1. Taking into account only those residues within the range 6-35 that are open to solvent by less than 80 Å² (accessible area, probe 1.4 Å) and without any contact (Cβ under 8 Å) to a residue 12 or more places away in the chain, which is nearest to the ligand (Cβ to nearest atom)?
2. For the range 62-77, what are the residues that are away from the ligand (no atom under 14 Å from the Cβ) and either in contact (Cβ under 8 Å) with a residue 24 or more places away in the chain or open to solvent by 80 Å² or more (accessible area, probe 1.4 Å) (or both)?
3. Among the residues of the range 41-61, count how many are in contact with a Lys or Arg (Cβ under 9 Å, 6 or more places away or on another chain) and either over 18 Å from residue 80 (Cα atoms) or surrounded by 12 or more Cβ atoms within 10 Å (Cβ to Cβ) (or both).
4. Report whether or not residue 38 is modelled with pLDDT under 95, touching a Leu at 6+ places or on another chain (Cβ under 7 Å) and open to solvent by 30 Å² or more (accessible area, probe 1.4 Å).
5. Please go through the range 78-109 and pick out each residue that is touching a residue at least 40 places away in the same chain (Cβ under 8 Å), open to solvent by 80 Å² or more (accessible area, probe 1.4 Å) and under 20 Å from residue 38 (Cα atoms).
6. Taking the range 36-57 only, how many residues are part of a strand (DSSP E or B), near the ligand (Cβ under 10 Å from one of its atoms) and among the polar types (S, T, N, Q)?
7. Of all the residues that make up the range 78-107, how many are outside any loop (DSSP other than H, G, I, E, B), β-branched (Val, Ile, Thr) and closer than 23 Å to residue 40 by Cα?
8. Under the condition of being of a type in the set (A, V, I, L, M), at pLDDT 95 or above and in a loop (DSSP other than H, G, I, E, B), which residue from the range 108-129 is nearest to the ligand (Cβ to nearest atom)?
Amino acid sequence: MLKKISHIGIAVNNLDENIQLYRDVMGMEFMGIEEVAEQKVRVAMFKIGESRIELLEPTSEDSPVAKFLASRGEGMHHLCYEVDDVDASLKHLDGKGVRLIDKQSRLGAENAKVGFIHPKSTGGVLVELNSPAD
Ligand code: CO
């Protein structure tokens, strides 16, 4: 079901400062910025091997990432696995009693289908399942 680590999401207060760090200081390949309205975040993507680093900056105080930053500060926000079919995977997990945040996929960055698993069911780590748009 899980094919590879798609990306690691990191919550930051200031996207531009962190782009400088990752791109200019650490020399990571910068793929661009995208605003994901549904999740109220601005996202910067970096390529690292076959995986990516996704920096998340909230665009609104009621963004889930704003709440994360307020309670826990900057840091690792979620781990994302690539799957073939997010809805089929969510259905499978639901059937096994895994606690889900999303019972159905929604649209994420780069028009990928995404769905989140509750950290209570995954050792305290927020897990995203993602199947890229064709
Ligand atoms: Co993500």
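1. Step by step, filter the range 6-35, then rank; the result is 21.
2. Answer for the range 62-77, where residues must be away from the ligand (no atom under 14 Å from the Cβ) and either in contact (Cβ under 8 Å) with a residue 24 or more places away in the chain or open to solvent by 80 Å² or more (accessible area, probe 1.4 Å) (or both): 66, 67, 69, 70, 71, 72, 74, 75.
3. Matching residues across the range 41-61 total 12.
4. Yes, satisfied.
5. Scanning the range 78-109 gives a single hit, 107.
6. 0
7. Residues in the range 78-107 being outside any loop (DSSP other than H, G, I, E, B), β-branched (Val, Ile, Thr) and closer than 23 Å to residue 40 by Cα: 1 in total.
8. Across the range 108-129, the extreme among qualifying residues is 126.
The values are calculated or read from the model by the stated rules, or taken from the named source; none is laboratory data. Keep in mind that what you see is a predicted model, and the values were worked out from it rather than measured. Because the Cβ atoms are built from the backbone with ideal geometry, glycine has one as well, and the counts that use them run over all protein chains shown. Remember, those area values only see protein heavy atoms, side chains included, never the ligands or the DNA or RNA. Shrake-Rupley method; radii C 1.70, N 1.55, O 1.52, S 1.80 Å.
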